[in-house]
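Everything below concerns the one structure shown next.
The values are calculated or read from the model by the stated rules, or taken from the named source; none is laboratory data. Nothing here was measured: the structure is a model prediction, and the numbers come from that model. FYI the Cβ positions are ideal-geometry reconstructions off the backbone, even for glycines, and counts take in every protein chain you see. When the accessible area is computed, the model is the full protein with side chains, heavy atoms only, and any ligands, DNA or RNA have been set aside. Shrake-Rupley method; radii C 1.70, N 1.55, O 1.52, S 1.80 Å.
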Amino acid sequence: MTLLYYISLYLFIGACFQVMYDFIDRKFIVEKKHRLDDYDKIISILIWPIGFLIFLYSFIIAFINSEKDD
């Protein structure tokens, strides 16, 4: 597989995360002042793994802590 394939896959996954974020934002967040502009969307497409890793880490920690409480 070529480098171009990996770059396009990386950008595609970032765009998918951005589409999901936009859907949730438009469906559940009423205030328009907190919406992302085009520059912020491009940045989020490029650095999506950081947000994903933070989410994954927090999810695992919360899951482990809920297991200890039972």
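What to note about this one:
- Among Ile42, Ile29, Ile60: highest mean-square fluctuation, GNM of the chain, C-alpha pairs under 10 Å: Ile60
- The solvent-accessible area of Glu67, taken with every protein chain present and a 1.4 Å probe, is close to 110 Å².
- Linear extension gain, Leu4 paired with Asp25, 0.36 nm per residue minus alpha-carbon span: 4.5 nm
- Solvent exposure of the chain amounts to 89 Å² per residue of accessible area, where only protein heavy atoms count and the probe is 1.4 Å.
- Over the C-alpha atoms of the chain, the Rg to Rh ratio, Rh being the Kirkwood estimate, stands at 1.11.
- Per-residue ellipticity at 222 nm from helix content only, as computed over the chain with -39500 (n - 2.57) for each DSSP H run of at least four residues, stands at -28000 deg cm²/dmol.
- Of all accessible heavy-atom area on the chain, the percent that carbon and sulfur account for (1.4 Å): 73 percent
- Phi to ³J(HN,Hα) by Karplus 6.51 cos²θ - 1.76 cosθ + 1.60 over the range 39-50, Hz, x for Gly, Pro: 4, 5, 5, 5, 4, 5, 5, 7, 10, 4, x, 5
- The chain, dipole about Cα centre (Lys/Arg Cβ +1, Asp/Glu Cβ -1), debye to the nearest 20: 220 debye
- Counting only Cβ charges, +1 for Lys and Arg and -1 for Asp and Glu, the dipole size of the range 1-42 around its Cα centre is about 140 debye.
- Relative protection proxy for 32-41, 15-24, from highest mean packing down: 15-24, 32-41 (other beta-carbon atoms within 10 angstrom).
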